[in-house]
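To keep things clear, I will list the structure first and then write my remarks on it.
FYI, it's all coordinate maths here, none of it is from the lab. These numbers come from a predicted model, not from an experiment.
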Amino acid sequence: MDRVSIESERETDSGWNFTCRFRTPSGAERTIDLGLSWPDYDLWAPDGSVPPERVAAAVLTLLLEHEEELDRKRLDAAQVRRIIPGSDEALQHRVKSTRL
């Protein structure tokens, strides 16, 4: 497993919910439910060329770079803005570099 893997994806009226598995620096595997709204997807992948699960993985990877021992059960992707200054720009860059 890479540091982050998307286990499942469910489309909702407002976007998607993902079940994500990730590995902490200590080697422990954890699971988190990640919500990604349509507006956040459109901001981070404006041309829609990147699958939503890649955007979700980019959000979680960025967060893990700042909170290595992430211990949450649920996260809305928009919360990354409050945790990491400049995250919108960082995610746009990451998502752009992962296009198919």
Practice item. Scan around residue 15 for amide H atoms under 5 Å from its own, H built in the peptide plane at 1.01 Å from N, and keep only partners 5 or more places away or cross-chain. Key: 38
Exercise for review: Enter the angle in degrees (range 0 to 90, nearest 10) between the Cα long axis of helix 52-66 and the first principal axis of the Cα atoms of the chain, meaning the one along which they spread out most.
Suggested key: 50 degrees
Revision key, fill the gap. Mean separation of Cα contacts under 8 Å (at least 6 apart) over the residue count of the stretch 4-96, i.e. the relative contact order in percent, is 28 percent
Review point. So what is the diffusion coefficient of the stretch 4-96 in µm² per second by Stokes-Einstein at 4 °C and 1.567 mPa s, using a Kirkwood Rh over Cα pairs?
Key: 99 µm²/s
Check your understanding: Helix 87-96: angle to the longest alpha-carbon principal axis of the chain, degrees 0 to 90, nearest 10?
Key -> 80 degrees
